[in-house]
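The values are calculated or read from the model by the stated rules, or taken from the named source; none is laboratory data. Note that the coordinates shown come from a computational prediction; the quantities given were computed from them, not determined experimentally. Note that each Cβ is placed from the backbone with ideal geometry, even for glycine, and that neighbours are counted across all protein chains shown. The area values use the complete protein model at the heavy-atom level, side chains included, leaving out ligands, DNA and RNA. Shrake-Rupley method; radii C 1.70, N 1.55, O 1.52, S 1.80 Å.
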Amino acid sequence: MAVFVALGAFLMTLAGGWTAQRVTDRRHLVLGLAGGLMLGVVGLDLLPEALRAADREIFGVPAALLLFVTGFLLAHLVERTLAARQAAHGGDEHDHHRAPEVGLTAAGAMVGHSAMDGVAIGAAFQVGGGMGTAVALAVIAHDFADGFNTFTITSLYGNARRRALGMLLADACAPLVGALSTVFFHIPEAVLGGYLGLFGGVLLYLAAAEILPEAHHEHPARSTLLCTVVGAAFIWLVVGISG
């Protein structure tokens, strides 16, 4: 049953990526929507779950929040390191679109997160059918946003369409792999919570420092802002329904 449900996540991820590539003539709207989706996922989905799962405190601060800040700083460090390396080879340090490695690294993180979604589905069905169904609905609903964001992020940094489609396919297959893996092992809840906090920090950096500024760079239109709000509201709706 877990693998069957993961097939639904596979199809929903592909649908999100297909939507992203079909509206490239409205690139600023796509980026605005992607930024809103990512902000919604971080603030309304990942962080609450991370704080619930990893409830341990370190020097008065929840461990999940420390890892959240670590993820943000790690993403910033990777982006700045690649940009500086590019500048050393004669490129423009501030031209993010010519550092495809950033996009591939970010998309790789999305693939890893989708694999963890599959693990969550498998683990939930081990607990019981009702729990498995609830988790499955939540994962399938937000996998559309995952596919949309994976294709958008990969393309944003100047990667060829072939690479973006490859990362999209990997992201779609990841839940299947994750669900199958639960036959052999189980991830402790505290470890899962820490991972969610770390990944949330990475996503927030990409949304706030990269995607949203790019969305408003050439087209600072109200329609772009509206797409961002719609993206965040969509995740709120998904979280509310699946909760």
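For the reader, a short list of remarks on this structure follows.
- Reported count of residues in region 193-243, each being modelled with pLDDT under 80 and in contact with a Ser or Thr (Cβ under 7 Å, 6 or more places away or on another chain), is 2.
- Considering region 169-195, and only residues there that are within 16 Å of the chain's Cα centre (by Cα) and more than 12 Å from G112 (Cβ to Cβ), the residue that is most open to solvent (accessible area, probe 1.4 Å) turns out to be L169.
- Residue selected from region 36-80 under the condition among the acidic types (D, E) and not in a helix (DSSP H, G or I), by the criterion nearest to F148 (Cα to Cα): D55
- Total residues in region 144-168 satisfying the condition of being buried (at least 16 other Cβ atoms within 10 Å of the Cβ), under 18 Å from G112 (Cβ atoms) and at pLDDT 85 or above: the figure is 8.
- Checked against the criterion of being open to solvent by less than 40 Å² (accessible area, probe 1.4 Å) and closer than 25 Å to D55 by Cβ, region 209-225 contains not a single residue that satisfies it.
- Screening region 150-208 for residues that are of a type in the set (G, A, S) and without any contact (Cβ under 8 Å) to a residue 24 or more places away in the chain and picking the one that is farthest from E101 (Cα to Cα) gives G166.
- First in region 50-70 and polar (S, T, N, Q), second anywhere and open to solvent by less than 70 Å² (accessible area, probe 1.4 Å), Cβ under 9 Å, 6 or more apart: T70/G197; T70/L198; T70/G201
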